[in-house]
1. Of Asp132, Asp127, Asp167, which residue is surrounded by fewer than 22 Cβ atoms within 10 Å (Cβ to Cβ) and either under 20 Å from Phe372 (Cβ atoms) or under 16 Å from the mean Cα position of the chain (by Cα) (or both)?
2. So for segment 226-247 (the condition being of a type in the set (Lys, Arg), in contact with a strand residue (DSSP E or B) (Cβ under 8 Å, 6 or more places away or on another chain) and in contact (Cβ under 8 Å) with a residue 24 or more places away in the chain), does at least one residue qualify?
3. Among the residues of segment 334-353, is any among the β-branched types (Val, Ile, Thr), farther than 25 Å from Gly208 by Cβ and modelled with pLDDT of 95 or more?
4. Which residues, counting only those in segment 272-309, are surrounded by fewer than 24 Cβ atoms within 10 Å (Cβ to Cβ) and hydroxyl-bearing (Ser, Thr, Tyr)?
5. Of the residues that sit in segment 210-224 and are over 21 Å from the mean Cα position of the chain (by Cα) and surrounded by 16 or more Cβ atoms within 10 Å (Cβ to Cβ), which one is farthest from Arg417 (Cα to Cα)?
6. Pick from Ala290, Ala249, Ala285, Ala226: which is at pLDDT 95 or above, in the same structural domain as Phe156 (by TED's automatic domain parsing) and part of a loop (DSSP other than H, G, I, E, B)?
7. Where residues in segment 57-82 are among the aliphatic types (A, V, I, L, M) and more than 17 Å from His317 (Cα to Cα), which of them is surrounded by the most Cβ atoms within 10 Å (Cβ to Cβ)?
8. Are any residues in segment 236-253 polar (S, T, N, Q), farther than 20 Å from Asp423 by Cβ and touching a Phe, Trp or Tyr at 6+ places or on another chain (Cβ under 9 Å), and if so, which ones?
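The values are calculated or read from the model by the stated rules, or taken from the named source; none is laboratory data. Quick caveat, the model's predicted, so the values are computed rather than measured. Virtual Cβ from ideal backbone geometry, glycine too; neighbours counted across all protein chains shown.
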Amino acid sequence: MGTMVTGTMVRGRGWLLAAALAGLGPAAWAQEATELRMMWYSDGIEGEVMADLLARFEAENPGIDVVLDNVAYQVIQEQLPIQLASGQGPDVARVTNLKEQAEHWLDLRPHLEDPAYWEENFGDRLDWMRPDGSDAIPGFLTQLTLVGGFANKTLFDQAGVAIPGPDATWDEWVEASRQVAEDQGLPAAFAIDRSGHRISGPIASYGGNYIGADGMPAPIDDGTMAFVTRLVEWTEAGLQLPDTWVSAAGTTYRSGADDFINAQIPFLYSGSWQVANLSTKIGDAFDWVAIGSPCGPEGCSGLAGGAALVGIKYTEHPEEVARLMAFLAREEIVKEFSERTLFLPAHAGLVAGGGLAFRSEDPNVPPALDRFVEASGETVAMADALPAWKWANAYYGVLVTRISQAMAGEITLEQARELMDRDIADAVANAGQ
């Protein structure tokens with residue numbers, strides 16, 4: 001996207017250009033474009049859509065070049081925090097760890113022509129990405145997401161197994177999927193993304209709570225362990241595809257989406273951001289449906305969230321970053337991005353006005369998006385509190401690390417519980433709290 005000067009240019013004709021500009025004086029140098037770097041990851045086709053939008057921005061703003069650095073999600077999760085901790089990083093980044101890293105985001109408010117537009121259209125979720133008590137405008141959600149499941153309808157039909165109904169429990173979903181996998185000779189019944197975020201809606205459905213009365217992390221409770229125990233037992237029994245969790249270490253993220261796309265499992269628990277990815281990669285190979293979230297004793301909850309585009313406060317070009325962000329946050333741009341990526345928009349005016357025309361000829365897509373919209377009203381209180389809670393990601397990471405070890409037989413569930421409490425206490429202590 002941006003104009004890059006190569007070594008060949010510098011050694012060859014570059015010196016002629018430099019000499020010519022030197023002769024023209026300071027005014028010529030002032031016309032040199034400002035380069036902004038955007039760190040971006042993609043679940044589906046959104047990187048291609050963003051590239052189109054950035055080309056349009058550059059046409060409107062010839063003094064700014066934007067380099068789109070497409071990276072793996074693991075880079076966003078593991079390498080970007082290291083850069084930020086050292087006071088470095090890109091100018092803009094697409095991130096999901098919104099609250100915990102809020103101290104590193106640029107406050108766009110002083111550089112925006114119309115902060116009221118941002119408050120009106122994005123204000124209900126700005127607390128997800130700014131320090132507690134702050135009125136900063138760090139960025140906006142590129143999409144609202146909801147954790148939920150997908151079923152391979154074709155596999156269920158071929159196995160003669162009915163897809164469980166809207167009030168079906170986790171146990172009922174796993175059993176139905178087991179029957180499909182057994183009938184169709186599949187390696188496993190289901191997979192849940194290797195992510196503490198993914199399992200937190202189900203944990204809330206089982207009565208788990210992470211947040212103490214003082215707002216600090218609570219000890220691992222019986223509700224949390226109720227779902228964790230099932231998850232470990234399902235994996236040990238081969239019902240959950242073991243590789244999704246056991247073959248990775250630490251907090252490394254791994255999705256089961258590719259296994260679902262390749263028809264290796266009949267049930268995937270991931271989230272709404274996968275709709276475009278599934279549509280693109282599955283095509284007409286089989287029919288699939290979104291199912292919301294299976295139920296526990298306390299509800300049938302997923303977890304709302306989102307990826308946000310934020311300015312990084314270490315940028316040397318805050319005015320240009322604000323100009324880029326203001327362009328991408330325009331209602332018509334958000335509308336186009338949402339329609340092309342099949343993401344749920346997080347723009348209040350756009351949602352209220354309706355009229356979204358998601359651009360897909362795939363008959364599986366509209367009902368899937370409709371089901372996620374419906375499921376967004378089924379979340380329980382603990383899940384709703386997590387996006388704006390600063391300790392959420394620390395809790396998620398501890399869950400993934402220790403649950404995986406229990407699945408691998410390295411520790412018992414009792415030891416996992418003790419270690420999770422210790423790890424969470426260490427995270428709080430290391431943060432100086």
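1. Working: Asp132 fails: either under 20 Å from Phe372 (Cβ atoms) or under 16 Å from the mean Cα position of the chain (by Cα) (or both); Asp127 fails: either under 20 Å from Phe372 (Cβ atoms) or under 16 Å from the mean Cα position of the chain (by Cα) (or both).
None of the others qualify; the one that does is Asp167.
2. No, segment 226-247 contains no residue that is of a type in the set (Lys, Arg), in contact with a strand residue (DSSP E or B) (Cβ under 8 Å, 6 or more places away or on another chain) and in contact (Cβ under 8 Å) with a residue 24 or more places away in the chain.
3. yes
4. Ser279, Thr280 - these are the residues of segment 272-309 that are surrounded by fewer than 24 Cβ atoms within 10 Å (Cβ to Cβ) and hydroxyl-bearing (Ser, Thr, Tyr).
5. As a first pass, look at segment 210-224 and keep what is over 21 Å from the mean Cα position of the chain (by Cα): 211-224.
Subset that is surrounded by 16 or more Cβ atoms within 10 Å (Cβ to Cβ): 211, 217-218, 220, 223-224.
Working: Ile211: 16, Pro217: 14, Ala218: 12, Ile220: 7, Gly223: 12, Thr224: 10 Å.
If we take residues in segment 210-224 being over 21 Å from the mean Cα position of the chain (by Cα) and surrounded by 16 or more Cβ atoms within 10 Å (Cβ to Cβ), then Ile211 is farthest from Arg417 (Cα to Cα).
6. Matching residue, one of Ala290, Ala249, Ala285, Ala226: Ala285.
7. Per the stated criteria, the residue is Leu80.
8. Taking segment 236-253 first, the residues polar (S, T, N, Q) are 240, 244, 247, 251-252.
So of that shortlist, the ones also farther than 20 Å from Asp423 by Cβ come out as 240, 244, 247.
Across segment 236-253, the qualifying residue is only Gln240.
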